[in-house]
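Here the structure is laid out as structure tokens; the discussion comes afterwards.
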Amino acid sequence: MIAIDLYRHRKLADQRQPAADQNRFAKYLAYFGVAFWIAYLIFIGVILPSMLDGLAPNMEPYHTLNKGLGIIFLADFLFRFAIQKTPVQEVKPYLLFPVRKSKILNAYLLLSATNGYNIVWLCLFMPFAFLTVARFYGLPGVAGYCIGIWMLTLLNNYWYLLCRTLINEKGIFVLLPAAVYVSLLLLQIAEGKNFVSTFTMDLGEAYIEWNAVAFIGTIAGVLLMAFLVRNVQGHYIYKELSRTQDTKVKRISDYRFLERYGEVGEYLRLELKLIARNKQCRASFRTGCLLIIMLSACVSADIYTSDTGKSFALAYCYAILGIQLVNIMSYEGNYLDGLMSRKESVYTLLRAKYYFYATMAFLPFILLLPAVIIGKITLLASFAYLFLAIGPIYWLFFQLAAYNKKTATLNEKITGKNRGGTFWQMMLSFAGFMMPMLLNSLLTPLIGAETTQWAFIASGIAFVLASPWWIRNVYRRFMKRRYANMEGFRNSR
């Protein structure tokens, strides 16, 4: 009953939030994307048996697929970071109710288990099972196989929630899933015995044969992982609501070296303090830096061999920190009334933001220097994507400053609402990452790779030099909409 009530409250909260009508088109677009994805998985499930048939001697297609379950669920784990959020939406009010807190957390975990994403993979495995397993074991074998895969998906769901909660609190916890998957990889390649793939193959066949030990073991794993998630999230919920941290005296830099830059320096100082002092901003910035390090290492290791792959890696490296500009003015929505009390303060704030993120774009440039030195990419290519990021891409992201009117929380990560982005935020962030690859793919065959890179540099320099004018234009459009925007910021706090 608690889970049903929480689900109803969640639906009502989504319907009543001020941006519900504005996000309607984005929801329809998301529904279309989900439908396309489901149809694509069904198509793969239908053609996969013929592709795997005869691939390995003395093995049926379902044996071959079961040997790759580890890779499939690793992909599922990574996809969840982009698609799925932690299940706790608005815990704080419910903690005041005369209900045991453990029951509330259990209800949220139950809602997570019933998430539609947990059955999406069955769109691949179910048609595959009907075409391969049914020939030998009939419908009971298909049912056992699908139920087993669904339970493994639940286990992966709770494993993701555990890792996501820990990583949201401290970035160092990214080493936990990394250590687990590296250990599994080493176990797989140890002495050529393929321990992991052999285990998953035997586990899949045990599901087909309705082996009680396999089902009991999987259920025990799901319950154990859910227990760990509940305790970890409960710990961080009470820690977030606790006031003990507010009494600690910390030494915080005043960034006095920025005083020489006048009012722009003051807003640069505000931007640095926004990132350093607030959990949500700090976690987002830290995650961006981590992704830059990972991608630059992949480029240096020559993992991206194609031109399209290198274009994607370079564009992502330089634009990943700037993606925070998609929420431009949303964090400031918490204290925008104070900013509006001073003339031209928003214009100065926008200038300071641009200078800060343009300067931070040199971080990936430095990290990509080893790849330049060993010849994996050219210095010209690195400069091209640097100027493309701080020029056209940042110009694109800054346009949202005039239209964003949803306040983003600064510190609440567990007890805050999981609010999705607006349609324009999703579209512009997608366009910002796809534009470099599309331009590179279109221009390179026409004018050559080197000329394309010089064109990127020229366009980037033009946008950088014109930044005072287009920032002023964004500011004027913001001021025309300031009353509607401020009302939206207040309503969504």
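A few remarks follow.
- Unsatisfied cross-links (Cα-Cα over 21 Å) in the set LYS103/LYS406; LYS170/LYS310; LYS67/LYS193; LYS170/LYS406; LYS273/LYS480: LYS103/LYS406; LYS170/LYS310; LYS170/LYS406; LYS273/LYS480
- Debye-formula intensities of the stretch 435-493, expressed as log10 I(q)/I(0) at q = 0.12, 0.21, 0.26 Å⁻¹, are -0.54, -0.80, -0.97 (one equal scatterer per alpha-carbon, no solvent).
- Annotation: peptides 257-266, 308-317, ranked by per-residue average of other Cβ atoms within 10 Å with the highest first, follow the order 308-317, 257-266.
- Charge context of LYS405, other residues only, Cβ under 11 angstrom, K/R +1, D/E -1: +3
- Full-extension gain in nm, ALA39 to ALA276, via 0.36 nm per residue minus C-alpha separation: 80.9 nm
- Probe 1.4 Å, accessible area per residue of the stretch 96-197, Å²: 48
- Size-normalised alpha-carbon gyration radius of the stretch 277-392, reference 2.2 N^0.38 Å: 1.23
- Highest mean packing comes first when the peptides 222-230, 168-176 are listed by Cβ atoms within 10 Å, giving 222-230, 168-176.
- Apportionment of accessible area to carbon and sulfur, the stretch 104-162, percent (1.4 Å): 78
- On the basis of the beta-carbon distance and an R0 of 41 Å, TYR255 and LEU291 show a calculated FRET efficiency of 0.95.
The values are calculated or read from the model by the stated rules, or taken from the named source; none is laboratory data. As the structure is a prediction and not an experimental result, all values here were calculated from the model. Virtual Cβ from ideal backbone geometry, glycine too; neighbours counted across all protein chains shown. Each accessible area value is taken on the protein alone, full model and side chains, heavy atoms only, with ligands, DNA and RNA left out. Shrake-Rupley method; radii C 1.70, N 1.55, O 1.52, S 1.80 Å.
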